[in-house]
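So the structure is just underneath, and the comments pick up after that.
The values are calculated or read from the model by the stated rules, or taken from the named source; none is laboratory data. Everything numeric here is computed off the predicted structure, so don't read it as measured data. All Cβ positions, even for glycine, are placed from backbone atoms using ideal geometry, and neighbour counts span all protein chains on display. To get the accessible areas, we keep the full protein, side chains included, count just its heavy atoms, and leave off ligands, DNA and RNA. Shrake-Rupley method; radii C 1.70, N 1.55, O 1.52, S 1.80 Å.
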Number of protein chains: 2
Amino acid sequence: MTTSVRQTRPPQPTLEMVAEVAGVSRATVSRVVNGSTRVGPEIVAAVTTAVEELNYVPNRAARSLASRQTQALALVVPEDMTRFFGDPYFAAVVQGITRRLDQSDFTLNLLVASSDPQHKTLRYLRSGNVDGALIISHHTGDDFVAELETTMPVVFGGRPANADNLEAYFVDVDNAAGADLGTQRLVDLGRRRIGTVTGSADMPAGIDRLTGFLRALERAGIPTDAVEHGDFTVQGGAAATRRLLERCPDIDGLFVASDLMGTGALDVLREHGRSVPGDVAVVGFDDSPAATRGSVPLTTVSQPSEEMGFAMADVLLRRLADDADDDDDDDDDDESVPHRTIMPTRLVLRESA
Amino acid sequence: MTTSVRQTRPPQPTLEMVAEVAGVSRATVSRVVNGSTRVGPEIVAAVTTAVEELNYVPNRAARSLASRQTQALALVVPEDMTRFFGDPYFAAVVQGITRRLDQSDFTLNLLVASSDPQHKTLRYLRSGNVDGALIISHHTGDDFVAELETTMPVVFGGRPANADNLEAYFVDVDNAAGADLGTQRLVDLGRRRIGTVTGSADMPAGIDRLTGFLRALERAGIPTDAVEHGDFTVQGGAAATRRLLERCPDIDGLFVASDLMGTGALDVLREHGRSVPGDVAVVGFDDSPAATRGSVPLTTVSQPSEEMGFAMADVLLRRLADDADDDDDDDDDDESVPHRTIMPTRLVLRESA
DNA sequence: CTGTGCTTTGAGAGCGCTCTCACGAATTGT
DNA sequence: ACAATTCGTGAGAGCGCTCTCAAAGCACAG
């Protein structure tokens, strides 16, 4: 019985100790632990027994120092904590990433880089804590990204804002096709006076969705003047809808670039005495929980957030694997990992259109 | 202009390189980088210049190997991803932890240990990735905790399930007192047929809140049979409320062990045509954003989730600091870090009761 | 019996850092 | 004045692991 207040924790077993117990060399234990095939079966057995007996777990720091890799990835989210936790989109993406990572032995480090001075995040990443980074919800102002890219492989979720960056790897949803799809639904419904509330004009997702909307209308030979800009918030969506209704009181179809804005639009429509989908059919985008929270369940363009997360992790892992192979033969071998991965969208029919 | 497909990343500068540029020894650079005061001012300047010139960032793995500590903590959440992201409680706790950590130079590793074989998580922790662990939402079945505690300092958020563990450090809210407070509100309102939807029976928070509820009812001389078990989810709360209504259609007061379940209860109550607080007064627990999201703003027992996170990190950091000091003088110095930290609750009056 | 080629194993050199120790210089006491 | 102490600095030994390289073992051909 120890009366000492603070019991010293037993030191973790080391490779050396395992080697001694198994009666082999350190190198051999390392081979067994790392699953090398070129080791005699009875030696494998002896080592395995020793490992279990000592309850040995390799030390990450040592391994990482020697092998110059960490088996860890970072997910960087330049967003504040509240926003991050509040948005189901992030939950889905993280879920997808971990699903992919569970198949490997990489681990994930979540970096919600909110208010905190981003230099701290950058420092963390640069100190060799991870082999690569995943970046989502990246805003135009986030310049630390450029520096990060010189340090390690990076994969974006969503097309990066600076268009000049053709070297960037990213996974995105086909926003234009999705918007086209959603708009086409309105056309198919026989609507002929169709407007849109766009997303932020300075974000790729906002721009691309407008592009898709215009494409669908032009194809149908419908005038494309009923466009009002929103900003991906409920309030912004409501205001844009109000302006639209004033300018084009006769609209009978409305494509809103996000479900969140869609709920704002729904409120304004009802406030103006328009029935949905009777007077005005409405299509949203995202298929977020917000879609079903409003007065009328929104028909919406669904994007595969979970799959996006999975794909992001997959692309990064493949880049990492490629880098590892290309030790000697660095000639023009065929590019195996695509720079851009575009995910499909699909229409989810509910009541609003 | 390089046509090579894959540009090799420049190697990170090392201490050695900085030493050479500054014209001093490796040891001295280390001293400057780690802020030792016992270095001549002009040497500090020379080193600082060299560090900036080379854009040097210390390598974590090497530092951690040599110093035998990582400057990182883990937050272990034995819960699935959906649950974790869905509950604002976790967001608040994480926020509190990071607020404390921002004052130190520790970093946080989030381990949402859901479905994933917990051995992977345990392995990760045991491979020396972190100096200590924070555990929240810990269920009775989670036995890996015992093993973890032999490896590193652990601090719990919420009283740990196994009561025999008197050595455990934890931060908890006074759940029983809070539940008592909330239930008393219903009594004060003149309600005489009061029921409850409990939390998970395998979690101390669930148990303690039930205890407080029962205590308040017994004190008021009210029967304590209207108890239904929930599981801290919206669906579970709704189901429990439905059962309760069926069994005791005459209840006029309801204490729900979490706001999330409270919103579920509110829905069911409305669906059964009961007005709140008219027919049934409802009191929740947590004071989470969910409290104001339902049809009726919930009167609720507020617990300082963010403060709890802060306190947890604080306790762990202090334990770590203590361990570091106790190299030589290990005599019976007074216990500076308390094993248990109990935070107060308070009642927040809104419309539901 | 020697030579060739293959496979299995061990020895040992780092990976980038911290930390102890020793040494010379500067400071103080007597 | 010289011994004693302090202070700033560098040398060097690891931390626990990986990985290259060479040695040892073995098979088979000549």
Practice problem: Kindly sort B:Thr140, B:Thr183 by accessible area of their heavy atoms, largest first, with the probe set to 1.4 Å. | Solution: B:Thr140, B:Thr183
Quiz item: For label points placed 7 Å from Cα toward Cβ, what is the shortest-first list of nm distances from B:Gly273 to its copies?
Solution: 3.4
Quiz prompt | Distances in nm from B:Glu42 to the matching label points in the other copies, shortest first (labels 7 Å along Cα to Cβ) | solution = 6.9
Quiz item: Given the options B:Pro289, B:Pro204, B:Pro160, which has the most mean-square fluctuation in a GNM of chain B, springs set between C-alpha atoms less than 10 angstrom apart?
Solution: B:Pro289
Practice problem: Calculate one ³J(HN,Hα) per residue across the stretch A:48-61 by plugging θ = phi - 60° into the Karplus curve 6.51 cos²θ - 1.76 cosθ + 1.60, and present them in order as whole Hz with x for glycine and proline. | Solution: 4, 4, 4, 4, 5, 4, 8, 6, 6, 10, x, 7, 4, 4
Exercise. Mind putting together the pair-distance distribution for the stretch A:15-58? All Cα pairs, 5 Å bins, whole percent per bin, short to long.
Key: 5, 29, 41, 20, 4
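Summed for both chains, how many Å² of accessible area, to the nearest 100, are buried between B and A with a 1.4 Å probe? Don't jump to the answer; show the numbers that get you there.
Values: alone 17880 and 18390 Å², together 31900 Å².
In total, this chain pair buries about 4400 Å².
Restricting to the protein assembly as shown, what percent of DSSP beta bridges are antiparallel, rounded to 5? Present the calculation step by step, with values, prior to reporting the outcome.
On the way: 6 of 76 bridges.
Of all bridge pairs located within the protein assembly as shown, approximately 10 percent are antiparallel.
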Quiz item: If only Cα atoms are counted, what is the Rg of the stretch B:175-303, and what is its Dmax, in Å?
Solution: 12.4, 33
Practice problem: Please work out the FRET efficiency for the pair B:Leu349 and B:Val39, using the Cβ-Cβ distance as r and a Förster radius of 56 Å; give the result to the nearest 0.05. | Solution: 0.40
Practice problem: Could you order B:Thr150, B:Thr37 so the one with the most accessible surface comes first? Probe is 1.4 Å. | Solution: B:Thr37, B:Thr150
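Return one whole number: the accessible area per residue of the protein assembly as shown in Å², for a 1.4 Å probe.
Numbers: 31900 Å² over 706 residues.
Ligands and nucleic acids excluded, the result is 45 Å² per residue.
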Quiz item: Just which residues of the stretch B:48-82 lose 10 Å² or more accessible area with every protein chain there, against their chain alone, with the probe set to 1.4 Å?
Solution: B:Asn55, B:Val57, B:Pro58, B:Asn59, B:Arg60, B:Ala61, B:Ala62, B:Ser64, B:Leu65, B:Met81, B:Thr82
Quiz item: Using alpha-carbon positions, what is the distance between the centroids of the stretch B:257-293 and the stretch B:7-48, in Å?
Solution: 60
Quiz item: Accessible area of A:Val130, 1.4 Å probe, to the nearest 10 Å²?
Solution: 10
Quiz item: How much of B:His272 can a 1.4 Å solvent probe reach, expressed as accessible area in Å² and rounded to 10?
Solution: 80
Practice problem: Enter the accessible area of A:Ser127 (Å², nearest 10), with the probe set to 1.4 Å and all protein chains included. | Solution: 10
Practice problem: Work out Dmax and Rg for the protein assembly as shown from the C-alpha atoms and quote the Rg first, both in angstrom. | Solution: 29.0, 87
Quiz item: For chain A, what is the convex hull volume of the alpha-carbon atoms per residue, in Å³?
Solution: 206
Quiz item: Mean separation of Cα pairs under 8 Å and 6+ residues apart, divided by the residue count of chain A: what relative contact order is that in percent?
Solution: 16
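For chain B, what % of the accessible area comes from carbon and sulfur atoms, probe 1.4 Å?
Values: 8050 of 15690 Å².
C and S fraction of accessible area: 51 percent.
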Self-check item: the stretch B:176-227 and the stretch A:180-234: distance between their alpha carbon centers, rounded to Å
Solution: 53
Quiz item: How far apart are the A:His339 label points across copies, placing each 7 Å from Cα toward Cβ, in nm, shortest first?
Solution: 6.1
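As a check on your grasp of the helix formula, calculate [θ] at 222 nm for the protein assembly as shown: sum -39500 (n - 2.57) over DSSP H runs of n ≥ 4, divide by the residue count, round to the nearest 500. Don't skip to the end; give the middle numbers.
Details: 26 runs with 306 residues, N = 706.
About -13500 deg cm²/dmol.
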Quiz prompt | Max mean-square fluctuation residue, GNM over chain A, Cα-Cα springs under 10 Å, options A:Arg319, A:Arg209, A:Arg83 | solution = A:Arg83
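Counting only protein chains, not ligands or nucleic acids, how are A:Arg191, A:Arg243 ordered by accessible area (probe 1.4 Å), most first? If you can, show how the numbers build up before the last one.
Values: A:Arg191 40, A:Arg243 100 Å².
Largest accessible area first, the list is A:Arg243, A:Arg191.
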